[in-house]
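Okay, structure first, notes after.
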Amino acid sequence: EELKREAEERKSTEKQLAQAQKMESLGRLAGGVAHDFNNLLTAILGNVELARMDLPDSSPVQQNLDEVQHASESAKALVQQLLVFGRKHGSEVMTVDLRQALTDTARMLRRLLGEDVTLALTLPSRALHVKLDPMQLEQVIVNLVVNARDVSPRGGTLSIRVEERPGAQLGIVVADAG
């Protein structure tokens, strides 16, 4: 009886190990593909910007370039998720000025939102040093913004604000009109 139970436990442990090894391989593959795809998207976005400079603002091709840029930036957001998934060491927590991180991210967000959605960023006037993974913060914010944009086809305002809360806590509030 005892030998049978030990054999079953060993078999179960071996299955779990095999599954963990598969997941690790999948993570490495996803990270590698995401890195290569990210490089391609960077080239696409760079060429969109170059094409914009060669065309007058009134050119009907500008709208096509807007669509290429929009799709490429959405793809970059997905690639960032793959890169996080493919990381071997999980998150990279560090001390970051949340105010500055959101200000830097806002530049990209405005491009993601397009012309019909206005970004309203409300931040405290002083630096807010927090420990977090800046890539994960950016990914969460980008996901929320892309979702907000998609439910706001007629435009509107997307607001992001940082609230200081009791107990040295901060909250990031993202709201849209959708």
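The values are calculated or read from the model by the stated rules, or taken from the named source; none is laboratory data. Note that the coordinates shown come from a computational prediction; the quantities given were computed from them, not determined experimentally. So basically every Cβ, Gly included, is an ideal-geometry build from the backbone, and we count neighbours across all protein chains shown. When the accessible area is computed, the model is the full protein with side chains, heavy atoms only, and any ligands, DNA or RNA have been set aside. Shrake-Rupley method; radii C 1.70, N 1.55, O 1.52, S 1.80 Å.
Determine whether Arg110 is open to solvent by less than 90 Å² (accessible area, probe 1.4 Å) and not hydrophobic (A, V, I, L, M, F, W, C).
no
Taking segment 47-66, which residues are among the polar types (S, T, N, Q) and open to solvent by 60 Å² or more (accessible area, probe 1.4 Å)?
Matches in segment 47-66: Asn47, Ser58, Gln63, Asn64.
Quickly run through segment 155-178 and pick out the residues that are under 16 Å from Leu119 (Cβ atoms) and among the charged types (D, E, K, R).
Arg161, Asp176
Among residues belonging to segment 95-112 that are touching a strand residue (DSSP E or B) at 6+ places or on another chain (Cβ under 6 Å) and at pLDDT below 85, point out the one that is farthest from Met23 (Cα to Cα).
Once the filter is applied, the top-ranked residue is Arg110.
Mind checking which residues of segment 122-162 are in a strand (DSSP E or B), open to solvent by less than 50 Å² (accessible area, probe 1.4 Å) and of a type in the set (S, T, N, Q)?
The answer is Ser159, and nothing else.
Looking only at segment 9-18, decide whether some residue is under 22 Å from the mean Cα position of the chain (by Cα), hydrophobic (A, V, I, L, M, F, W, C) and in a helix (DSSP H, G or I).
Looking for residues that are under 22 Å from the mean Cα position of the chain (by Cα), hydrophobic (A, V, I, L, M, F, W, C) and in a helix (DSSP H, G or I), one finds none in segment 9-18, hence no.
Looking at Ser159, Ser125, can you tell me which residue is out of contact with any strand residue (DSSP E or B) (no Cβ under 7 Å at 6 or more places or on another chain), modelled with pLDDT of 80 or more, among the small types (Gly, Ala, Ser) and farther than 19 Å from Ala71 by Cα?
Ser125
Determine if segment 73-94 includes at least one residue that is part of a helix (DSSP H, G or I), open to solvent by 70 Å² or more (accessible area, probe 1.4 Å) and at pLDDT 80 or above.
No.
Taking Asp57 as the residue in question, decide whether it is at negative phi, in a helix (DSSP H, G or I), at pLDDT below 90 and over 19 Å from the mean Cα position of the chain (by Cα).
In short, no.
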